Amino acid sequence: MFNGKYNVIAVIVLTVGLVSAQACTVSIGELALWSGGSIGAGKDVTITGVSASKSAINLDKGTNADSIYTMGSIWLGNDVTVSGDATANGTISKSKSAVVTGSSNSYADFSLPTLDLLSKPATGTINIYAASNSSKSLSPGEYSEWTFGNGTTVNLSSGSYNLSSFWAGTGSVVNIDTTSGDVVLNVAGNFSVGSGVKFVSSGSGTLYVNVYNSDAWLDNNANIRGNIRVYGGGLSTGTSVNLTGSIYATGDIYLGNYSDVTYAATTSSIPEPSTLVIFAAAGMVFIARRRGATNTSTAE
């Protein structure tokens, strides 16, 4: 198992002061995206759920998003729709065809504490390899590298899997059986999946992917239902990626063209050691000081 001490932040609500006197409170569990860097979206991306970033939010042509919050600036491209509020500590720039249905508040002056950079070593020594078009069933435990060839079928049951890296080749299917509880992947290094990789869940539990010390990459048409947490790196996707759950990263988050992120609430508990990891991620508070929010600026 991963070892180490944690500084757990107990506050798990996010408060944003808007133009009205009444503040809006959003719990950490209601965020679809959270980034310690910037959030970027390519063309025709759909984000269903609240997004928040420390650096900036940039949404390209035709993207649809719910409420967005950033300590940096916001840029909205042609035909972007924000179905909610747009709040930034910096400027809000948008094309004439971009629409914000709620309030637009620049220079809002709220704060976002830094997400802890948690670093974990892998303790396992067993490398797992499966050739293309083969099948592999694994039990919870300690591992080193996981490498699956193209078209591999991987079967995982409830419990925690601690490993040093994860790669699934094009067209692979990862079956997640949560009948007896959550499935937790603690990856102490790179987490990457090839084009068309699908994570197929069954049961009432949840998939948690915790990535440490590295980045995460999801190639074109990947499909994952679960919660992804990237500590010490960012998350990027190719085109037409479908994510259901929530994504937090200490680095940047970028969603490729035509991708779709749909927030899904977590209903089950998180096994150790990721319980402390998620609570550390939950230590985020937006505090509005409202020294005079300004209206959205417009750029061609």
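The values are calculated or read from the model by the stated rules, or taken from the named source; none is laboratory data. These numbers come from a predicted model, not from an experiment. So basically every Cβ, Gly included, is an ideal-geometry build from the backbone, and we count neighbours across all protein chains shown.
So which of N155, N150 ends up being more than 16 Å from R225 (Cα to Cα) and over 20 Å from the mean Cα position of the chain (by Cα)?
The conditions single out N150.
Limited to the stretch 36-47, what total is found for residues that are within 14 Å of I74 (Cα to Cα) and in a strand (DSSP E or B)?
Count: 4.
Scanning the stretch 78-97 for residues that are touching a residue at least 24 places away in the same chain (Cβ under 8 Å) and more than 22 Å from Y263 (Cβ to Cβ), which turns out surrounded by the fewest Cβ atoms within 10 Å (Cβ to Cβ)?
That would be K96.
Please find, among T239, T244, the residue that is polar (S, T, N, Q), assigned to a loop (DSSP other than H, G, I, E, B), surrounded by fewer than 24 Cβ atoms within 10 Å (Cβ to Cβ) and modelled with pLDDT of 95 or more.
Numbers: T244 fails: assigned to a loop (DSSP other than H, G, I, E, B).
Step by step, each of T239, T244 is checked, and only T239 is polar (S, T, N, Q), assigned to a loop (DSSP other than H, G, I, E, B), surrounded by fewer than 24 Cβ atoms within 10 Å (Cβ to Cβ) and modelled with pLDDT of 95 or more.
Return the only residue of G102, G169, G124 being surrounded by fewer than 19 Cβ atoms within 10 Å (Cβ to Cβ), modelled with pLDDT of 95 or more and not aromatic (F, W, Y).
Criteria check complete, one pass: G102.
Mind telling me which of the residues V184, V209, V154 ends up being touching a helix residue (DSSP H, G or I) at 6+ places or on another chain (Cβ under 8 Å), among the hydrophobic types (A, V, I, L, M, F, W, C) and surrounded by 19 or more Cβ atoms within 10 Å (Cβ to Cβ)?
V184
Taking the options G84, G102, name whichever one is on the phi > 0 side of the Ramachandran plot and in a loop (DSSP other than H, G, I, E, B). I'd like the intermediate steps shown before the answer.
Working: G102 fails: on the phi > 0 side of the Ramachandran plot.
Every option except G84 fails the conditions.
For A222, state whether it is in contact with a Gly (Cβ under 8 Å, 6 or more places away or on another chain), assigned by TED's automatic domain parsing to the domain that holds Y161, modelled with pLDDT under 95 and within 17 Å of A41 (Cα to Cα).
Taking the combined requirement at face value, the residue does not satisfy it.
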